[in-house]
1. Would you mind finding the one in 38, 56 that is modelled with pLDDT of 85 or more, in contact with a helix residue (DSSP H, G or I) (Cβ under 9 Å, 6 or more places away or on another chain) and surrounded by 15 or more Cβ atoms within 10 Å (Cβ to Cβ)?
2. Of the residues 43, 51, which single one is modelled with pLDDT of 80 or more, loosely packed, with under 15 Cβ neighbours inside 10 Å and not in a helix (DSSP H, G or I)?
3. Which residue pairs have Cβ atoms closer than 8 Å, lie 6 or more positions apart in sequence or on different chains, and pair a first residue in segment 67-79 that is surrounded by 15 or more Cβ atoms within 10 Å (Cβ to Cβ) with a second residue that is at pLDDT below 85 and not in a helix (DSSP H, G or I)?
4. Could we say that residue 9 is surrounded by 13 or more Cβ atoms within 10 Å (Cβ to Cβ), modelled with pLDDT under 85 and out of contact with any helix residue (DSSP H, G or I) (no Cβ under 6 Å at 6 or more places or on another chain) here?
5. Right, residue 57: in a helix (DSSP H, G or I), within 14 Å of the chain's Cα centre (by Cα) and either touching a residue at least 40 places away in the same chain (Cβ under 8 Å) or closer than 23 Å to residue 7 by Cα (or both) or not?
6. Checking the condition in contact (Cβ under 8 Å) with a residue 24 or more places away in the chain and exposed (fewer than 15 other Cβ atoms within 10 Å of the Cβ), which residue from 23, 31 passes?
């Protein structure tokens, strides 16, 4: 498994990061409640764990990042198994 996942996981992270940065504004246009929930989660993390940005761009990027990562990892798991 490690040899098969060596390239997939870094590519997944990079793809999710780039997609999150590019598509973050669309979260607020298409799914405002999801953006608000993401911003609330970032505020909770910011107050309890570490300092993170809580603006709308960061919240939208987080949503896209999570969606792309979950899809990528499920597809990778199905392909490897």
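1. Criteria check complete, one pass: 38.
2. After applying the criteria, what remains is 51.
3. The qualifying pairs do not exist here.
4. So residue 9 fits the description; yes.
5. no
6. 31
The values are calculated or read from the model by the stated rules, or taken from the named source; none is laboratory data. Just so it is clear, the structure is predicted and the values come from calculations on it, not from any experiment. Glycine gets a Cβ as well: all are built from the backbone with ideal geometry, and neighbour counts include every protein chain shown.
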